[in-house]
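Here's the structure we're looking at; comments come further down.
The values are calculated or read from the model by the stated rules, or taken from the named source; none is laboratory data. This structure is a prediction, so every number in the text was calculated from the model and none was measured. Here Cβ is always computed from backbone atoms with ideal geometry, including for glycine, and neighbour counts include all displayed protein chains.
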Amino acid sequence: MIVAMQSGATREEIRAVCEVIQQSGMKAVEIPGGDRVAVGVASAIPPDLRPVLTERLSALPGVDRVTQVSRAYKLASREFHPTDTVVECSGVRIGGREVVLIAGPCAVENPDQMARAARAVREGGARIMRGGPFKPRTSPYSFQGLGEEGVRLLVDAARAEGLLTICEVMDEGDVEKCAEVDILQIGARNMQNFRLLMAVGRSGKPVLLKRGPVATIDEWLLSAEYILCQDNPNVVLCERGVHPVDRTYTRYTLDVAAVQVAKHLSHLPVVVDPSHAAGDWRYVSALARAGVAVGADGIMVEVHPDPAAALCDGPQALRPETFHRLADDLRAVAEAVGRSIL
């Protein structure tokens with residue numbers, strides 16, 4: 001439910017609307033909108049209460065109209081928040097006119113690898129460095145990451161090159177371990193780990209939420225709702241591919257249509273991860289260009305100084321020189337669609 005206030009509604013009138021909602025046992029959220037303010041009911045409304053609450057709110061001074069939000073997700077819905085959200089982190093804005101480049105290795109391995117990777121992605125124009133200290137692996141015998149040591153190596157390498165950092169957290173305990181990391185990532189396997197979603201929401205840090213490989217767009221947005229419900233508005237969606245019909249040549253199928261669908265249904269910015277979709281470095285650049293062309297607010301790719309020696313996902317990692325060429329291509333695509341690379 002959204003309560004649209006009249007132009008020029010006073011703070012007292014807005015406060016009165018919030019109080020009625022809260023007295024009914026629900027959460028009220030103010031939605032700024034230029035010269036008009038709206039108040040949203042960010043809770044499920046019992047069917048028998050809906051007409052009563054609608055009548056009470058409609059009668060309050062300063063109220064223009066009361067409309068119903070049809071989506072199961074409220075805070076993530078564009079009905080609830082009609083203007084685009086821009087997630088800002090230390091001067092880097094995700095969701096504005098500029099497209100943000102996020103790059104780095106799949107896994108944090110050692111200081112030399114991270115220093116070389118940080119230099120390479122910075123020279124290519126990336127503003128945020130990715131790297132995995134904690135790795136969710138299918139086999140228990142595969143490299144599981146360096147843990148807290150990996151967090152330190154990621155942060156140190158990125159800071160030396162003036163980059164922000166992003167890494168995946170796998171459980172609630174990882175959130176505290178990543179206190180120095182700028183952006184927390186929820187991987188595809190944890191998209192519906194609801195306790196973890198609430199934990200990253202409570203952290204107050206920006207969160208990048210990857211879509212699960214078999215998740216619908218509504219399920220993806222409902223997962224975002226778990227984070228937003230913790231009074232954390234800084235959520236970035238990430239399309240990274242869904243299960244393909246044919247896995248002979250790619251790991252997943254990049255759902256480029258999902259970028260526009262998500263931006264139609266939601267106000268949250270959307271990033272595309274072509275590396276995990278392709279699983280093969282030869283296809284990554286083309287998919288990245290498609291992501292920018294279809295309206296993605298950022299591109300996240302894996303870059304490794306020596307992919308053949310990588311401990312995780314080497315076949316999909318770009319070499320530094322390939323990433324630099326890709327960055328030039330993305331600038332041209334962004335310009336063609338009226339945007340630019342940050």
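Some notes on this structure:
- Qualifying residues in segment 104-155 (those that are under 18 Å from A308 (Cβ atoms), out of contact with any helix residue (DSSP H, G or I) (no Cβ under 6 Å at 6 or more places or on another chain) and not hydrophobic (A, V, I, L, M, F, W, C)) - the one surrounded by the most Cβ atoms within 10 Å (Cβ to Cβ): E109
- Residues within segment 82-126 that are over 22 Å from D313 (Cα atoms) and among the basic types (K, R), tallied: 2
- Checking each residue in segment 290-306 for being touching a strand residue (DSSP E or B) at 6+ places or on another chain (Cβ under 9 Å) and more than 21 Å from T165 (Cβ to Cβ) picks out A290, G291, V292, V294, G295.
- Pairs meeting the criteria (first residue in segment 289-309 and on the phi > 0 side of the Ramachandran plot and assigned by TED's automatic domain parsing to the domain that holds D255, second residue part of a helix (DSSP H, G or I) and of a type in the set (V, I, T), beta carbons under 6 Å, at least 6 apart or on different chains) are G295/V259.
- Of V92, V37, V63, V29, all but one fail to be assigned by TED's automatic domain parsing to the domain that holds G298 and either touching a residue at least 60 places away in the same chain (Cβ under 8 Å) or in contact with a strand residue (DSSP E or B) (Cβ under 8 Å, 6 or more places away or on another chain) (or both); the exception is V92.
- Among the residues making up segment 44-68, those that are part of a loop (DSSP other than H, G, I, E, B) and surrounded by 18 or more Cβ atoms within 10 Å (Cβ to Cβ) are I45, G62.
- Per-region count, segment 124-179, residues more than 25 Å from A327 (Cα to Cα) and in a loop (DSSP other than H, G, I, E, B): 20
- Which numbered condition P315 misses (of (1) part of a helix (DSSP H, G or I); (2) touching a residue at least 40 places away in the same chain (Cβ under 8 Å)): (2)
- Within segment 213-237, tally of residues that are part of a helix (DSSP H, G or I) and among the hydroxyl-bearing types (S, T, Y): 2
- Condition check for E321 on (1) in contact with a strand residue (DSSP E or B) (Cβ under 9 Å, 6 or more places away or on another chain); (2) at pLDDT 95 or above: one failure, at (1).
- Residue that is surrounded by the most Cβ atoms within 10 Å (Cβ to Cβ), among those in segment 282-312 that are of a type outside the set (A, V, I, L, M) and in a helix (DSSP H, G or I): G291
- Pairs linking a residue in segment 152-164 that is over 17 Å from V92 (Cα atoms) to a residue that is surrounded by fewer than 22 Cβ atoms within 10 Å (Cβ to Cβ), with Cβ atoms under 6 Å and 6 or more positions apart or on different chains, are L153/P111; A157/A115.
- Summed over segment 238-254, residues that are over 15 Å from T85 (Cβ atoms) and either touching a residue at least 40 places away in the same chain (Cβ under 8 Å) or outside the structural domain of G96 (by TED's automatic domain parsing) (or both) total 3.
- Failed item in (1) surrounded by 14 or more Cβ atoms within 10 Å (Cβ to Cβ); (2) assigned to a strand (DSSP E or B); (3) out of contact with any His (no Cβ under 8 Å at 6 or more places or on another chain), with A16 passing the rest: (2)
- Residue in segment 223-234 that is farther than 27 Å from E180 by Cα and either surrounded by fewer than 24 Cβ atoms within 10 Å (Cβ to Cβ) or not basic (K, R) (or both) present: no
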